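A.B. asks: One structure coming up, written as structure tokens, with questions to follow.
The values are calculated or read from the model by the stated rules, or taken from the named source; none is laboratory data. Bear in mind that the values here come from a model prediction, so they are computed numbers and not experimental data. In this analysis, Cβ positions are derived from the backbone assuming ideal geometry, glycine residues included, and neighbour counts consider all displayed protein chains.
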Amino acid sequence: MDSQVLAEKTAEERGIVQRKRKRKRKSELNIGEVEAQQYHSGIIKKVTNVHKDLISKAIKVGCIQDKKEYNGSPSSIKTVENKSVCAEGSSAGQFIKVDNNMLARQAANIRVGDTSLTDVCQTLAPPTNSKSAIRLEMSTHLRLSECVNRVCSNDWSRPRLCQIDPETYIIPNNSTFLLSDFRHHKNMYPRTNMEKYDLIVLDPPWQNKSVKRKKMYGSLKDEDLLDISMEDLAVPGCVVVVWVTNRLKHIKFVKDTLFPRWSVTCVAEWQWLKITKFGEMTQDINSDHKKPYEMILIGRYNEFKPSYKEWTAPCPTNKTKLEKECFKIPACDGKSGITDLCGEGISNDEDPCEAIGATENKKKEFGSFPESYVIISVPCALHSNKPPLIEVLKRYLKDDPRCLELFARNLWPNWTSWGNEVLLHQHIDFYELG
């Protein structure tokens with residue numbers, strides 16, 4: 001004991017900062033951890049069953065590569081600039097873990113540490129309080145300072161390269177964006193009821209220890225989200241989608257505090273399961289620290305529910321055997337229906353062709369979200385880049401919906417996007433120009 005005290009004094013005299021030792025747990029799990037474990041246990045069972053059924057059938061129809069086929073195959077080694085990518089100590093004929101997004105990761109590394117967008121959002125204020133002054137028609141050459149805190153839009157028929165000094169970005173056609181700090185997010189609020197939105201997707205920068213430690217991006221307190229006025233943004237019946245981390249605190253906040261404050265009724269809890277190109281989960285699903293899935297909470301504003309809508313689509317009778325097979329992949333249980341490779345669901349008592357609108361003028365209930373749903377995809381290499389949801393959600397929306405994404409890092413055609421890094425993933429470094 002005396003030697004330890006002496007060592008600490010010596011370290012203080014030398015100016016060495018002593019690391020605090022982690023205290024050993026007195027008990028295995030606290031009350032909150034037990035509650036979280038119970039909550040996720042049901043999700044893990046469901047996601048595991050979906051993954052097992054879907055991937056096995058996807059491999060059979062050739063939609064997923066079978067990892068076993070790469071053992072001993074020279075094609076298992078990917079090359080970049082004619083150089084083989086192998087792990088240390090591996091041979092050229094042995095399968096090695098391959099980066100699914102090599103080029104995307106290389107591009108992401110180029111932009112690592114680039115805070116130019118967030119920095120300018122923090123320093124510049126809106127030009128005036130006039131709503132007409134904070135709107136700007138896009139052109140192919142702009143100064144970054146011109147775009148900040150102003151709603152920028154275009155009516156182009158195709159995407160264009162835009163020089164927003166000093167960088168170059170790809171701007172989608174018919175896209176609208178607001179690059180601003182959260183303090184000025186209300187600049188994008190619609191001026192009339194006709195401009196309000198039918199779909200609002202949020203991917204908030206939730207607080208967590210990993211983000212705080214790595215300083216990857218700024219985060220918001222949960223209570224800050226209460227400042228968003230859903231009344232000013234959403235039409236009655238608007239679908240509100242919130243991406244949430246697996247931390248039960250954030251999930252309960254959205255369901256018990258945020259949605260009620262917004263007059264939004266939670267109608268579904270979905271999951272996005274991240275897999276490799278071989279169909280394996282990206283992390284151990286039983287890990288207490290990081291799981292391979294993320295939560296998607298879905299609600300409807302003002303509890304409004306239209307009765308029915310006319311919904312027709314051609315029957316895929318001309319599809320190949322492989323394509324038709326994709327419509328017959330079973331989901332996790334008998335209640336959730338059939339799930340195809342894109343994560344779309346239909347009821348078990350319907351024929352696949354009938355279910356996707358084969359019957360002319362068939363009426364489908366508008367807004368009946370399945371409570372349980374799993375979307376499976378290979379994640380992008382760019383940090384926190386979520387898969388687009390419009391193809392999955394459009395069956396629950398009216399035709400040509402007005403769509404808004406909050407806390408966005410990229411743009412979409414015919415969407416409005418807001419965030420303090422809304423142009424980040426539109427940078428030309430992330431694209432290969434044809």
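A.B. asks: From the set of residues in region 180-203 that are farther than 22 Å from Gln122 by Cβ and basic (Lys, Arg), which is surrounded by the fewest Cβ atoms within 10 Å (Cβ to Cβ)? Walk me through how you get there before you give the answer.
C.D. replies: Here is the first cut: in region 180-203, the ones farther than 22 Å from Gln122 by Cβ are 190-201.
From what's left, basic (Lys, Arg): 191, 196.
On the way: Arg191: 11, Lys196: 21.
Here the residue is Arg191.
A.B. asks: Can you pull out every residue in region 43-89 that is more than 16 Å from Asp284 (Cα to Cα), at pLDDT 50 or above, outside any loop (DSSP other than H, G, I, E, B) and not hydroxyl-bearing (Ser, Thr, Tyr)? Let's see the steps before the verdict.
C.D. replies: Step one: filter region 43-89 for residues more than 16 Å from Asp284 (Cα to Cα), giving 53-89.
From what is left, the residues that are at pLDDT 50 or above are 53-71.
Filter once more, keeping what is outside any loop (DSSP other than H, G, I, E, B): 53-60, 67-70.
Scanning region 43-89 gives Asp53, Leu54, Ile55, Lys57, Ala58, Ile59, Lys60, Lys67, Lys68, Glu69.
A.B. asks: Go through region 186-209 and give me each residue that's more than 21 Å from Leu389 (Cβ to Cβ) and not charged (D, E, K, R).
C.D. replies: Selection gives Asn187, Tyr189, Pro190, Thr192, Asn193, Met194, Gln207, Asn208.
A.B. asks: Also, I was wondering about something else. Being of a type outside the set (A, V, I, L, M) and under 21 Å from the mean Cα position of the chain (by Cα) is the filter here; which residues of region 228-245 pass it?
C.D. replies: So in region 228-245, the residues of a type outside the set (A, V, I, L, M) come out as 229, 231-232, 236-238, 243, 245.
Once the filter is applied, which keeps residues that are of a type outside the set (A, V, I, L, M) and under 21 Å from the mean Cα position of the chain (by Cα), region 228-245 yields Cys238, Trp243, Thr245.
A.B. asks: Looking at (1) exposed (fewer than 14 other Cβ atoms within 10 Å of the Cβ); (2) closer than 18 Å to His425 by Cα, which is the only condition Asp155 fails?
C.D. replies: With respect to (1) exposed (fewer than 14 other Cβ atoms within 10 Å of the Cβ); (2) closer than 18 Å to His425 by Cα, Asp155 is out only on (2).
Rundown of residues vs (1) crowded, with 20+ Cβ neighbours inside 10 Å; (2) more than 20 Å from Leu424 (Cβ to Cβ); (3) of a type outside the set (Lys, Arg), yes/no style:
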residue	(1), (2), (3)
Asp165	no, no, yes
Leu178	yes, no, yes
Asp222	no, yes, yes
Leu248	no, yes, yes
Ile251	no, yes, yes
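A.B. asks: Can you confirm whether Phe278 is in a loop (DSSP other than H, G, I, E, B) and touching a residue at least 12 places away in the same chain (Cβ under 8 Å)? Full working, then the answer.
C.D. replies: On the way: in a loop (DSSP other than H, G, I, E, B): yes; touching a residue at least 12 places away in the same chain (Cβ under 8 Å): yes.
So Phe278 fits the description; yes.
A.B. asks: Further question: Are any residues in region 191-226 more than 22 Å from the chain's Cα centre (by Cα) and at pLDDT 90 or above, and if so, which ones?
C.D. replies: Glu195, Lys196
A.B. asks: Can you name every residue in region 142-164 that is without any contact (Cβ under 8 Å) to a residue 24 or more places away in the chain and of a type in the set (D, E, K, R)?
C.D. replies: Result: Arg143, Glu146, Asp155, Arg158, Arg160.
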